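The values are calculated or read from the model by the stated rules, or taken from the named source; none is laboratory data. Since we're looking at a predicted model, the values are computed, not measured. Glycine also receives a Cβ, built like all others from the backbone with ideal geometry; neighbour counts cover every protein chain displayed. The accessibility values were calculated without ligands, DNA or RNA, using every heavy atom of the protein model including side chains. Shrake-Rupley method; radii C 1.70, N 1.55, O 1.52, S 1.80 Å.
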Amino acid sequence: MKLALYLPNFRDKVTIKELEDLTELAEELDFDSVWTLDRIVVPESSDRQELSSSFGMMEGLPNALPVSSRGQWFQGYPLIPWLAAKTSKVRIGMSIIDTPFRSPGVLATELATIDHLSNGRLNVGVGSGWMSEEFAAASAAHIFPKRHKHVRESIEIMQGVWAAENEHFEYHGEFADFERCGFGAKPLQQPRPPIFMSGLKDPLRSARRITKYDLDGWIGIQDSPEGLEKWRTAIDEQFEEIGSEKRSKDLEICSMIWTVITDEDTDQTVNGVASNLLVGSERQVTDRLKAYKEAGMTMALIWPPFADVPVAKTLDDLKRIKNDIMPKVEAS
């Protein structure tokens, strides 16, 4: 099972130096990849827990973001080329790119360029977004009701633009409509950079996109080992339905999980996405990672919590996870 770092660029207060220190350590420890978070705004209404929907539209979470509207976070997308320049080994990406905030053709060409900047180390995570207030701030309020269709069109355009056999590419859809064009350099990775589909609520929708477009992985959020089964089952059923020999075991199965090593055991009772799944003693974290491995997770995205855990603590935790915990997990 691989390890990845989910950078805490979305916090009330974080510095570029802290993000740099975390990234440098992830590379030193031979983590597979480093990911950023896509956030455009925090509405003031979030401070009053009055968002139009709960966080991620997921049950059990408040109608609020975990960061104040006065927070000093950093947007995740510009950090990706910065990561390309700061690293030489780890793969890089954003989990996930909310495609409705970006023009599909522009996104395809930008990502192709970033793949060259990183010498072919780009991962592409895509999803639809969920917060209507953020769509308004991104001048995409009109897309919100059709955001899932925007994801589909974006995937089709990226794959078309990036295909080595397509000197020119045209597309005629609802969110992009253009005649034959050249889009510059193809990505360094061929046939294309790996594309990961996000999965927060609807296993069937994610499974259909993964199988229809032959994507490379799935990324969830705060999934328990038992919860992974519903996602893997949906993906397997869709592969079978379209007559493919591929199955979920052929994909990268990942989840972003809040992670802190504590001195004492912590209550890890599974209670939806709010659970302390990887918050616990070294023994508890070891046992949970063993369970994830058994459940078919191929890459854990280690996610420092939004608050109350200094970066210095996370740096120490990353070392312990890599050097002390993972040897026990891999031996199981």
Item checked: Scope the range 75-114; condition polar (S, T, N, Q), closer than 24 Å to residue 206 by Cα and either open to solvent by 10 Å² or more (accessible area, probe 1.4 Å) or in a loop (DSSP other than H, G, I, E, B) (or both); matching residues -> 95, 103
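Would it be correct to say that residue 167 is out of contact with any Gly (no Cβ under 8 Å at 6 or more places or on another chain) and either assigned to a loop (DSSP other than H, G, I, E, B) or surrounded by fewer than 16 Cβ atoms within 10 Å (Cβ to Cβ) (or both)?
no
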Next item on the list: Give the residues of the range 275-309 that are touching an Asp or Glu at 6+ places or on another chain (Cβ under 9 Å), free of Cβ contacts under 8 Å to residues at least 24 places away in the same chain and open to solvent by 40 Å² or more (accessible area, probe 1.4 Å), sorted by residue number.
Entry: 276, 283
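Give 236, 265, 223 a once-over and let me know the one that is open to solvent by 60 Å² or more (accessible area, probe 1.4 Å) and either touching a strand residue (DSSP E or B) at 6+ places or on another chain (Cβ under 8 Å) or modelled with pLDDT of 95 or more (or both).
Result: 265 is the single residue among 236, 265, 223 that is open to solvent by 60 Å² or more (accessible area, probe 1.4 Å) and either touching a strand residue (DSSP E or B) at 6+ places or on another chain (Cβ under 8 Å) or modelled with pLDDT of 95 or more (or both).
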Notebook entry, point to check: Hey, any hits in the range 184-199 for a residue that's more than 24 Å from residue 221 (Cα to Cα), at pLDDT 95 or above, in a helix (DSSP H, G or I) and open to solvent by less than 20 Å² (accessible area, probe 1.4 Å)?
Noted result: no
Margin query: Being surrounded by 18 or more Cβ atoms within 10 Å (Cβ to Cβ) and more than 19 Å from the chain's Cα centre (by Cα): is that true of residue 270 here?
Written below: no
Item checked: Residue list for the range 56-71, restricted to those being free of Cβ contacts under 8 Å to residues at least 24 places away in the same chain and open to solvent by 20 Å² or more (accessible area, probe 1.4 Å) -> 62, 63
Notebook entry, point to check: Do you know which residues across the range 281-330 are among the small types (Gly, Ala, Ser) and at pLDDT below 95?
Noted result: 307
Checklist line | Filtered residues of the range 1-55 (kept if under 13 Å from residue 304 (Cβ atoms), open to solvent by 10 Å² or more (accessible area, probe 1.4 Å), aliphatic (A, V, I, L, M) and not in a helix (DSSP H, G or I)) | finding: 37
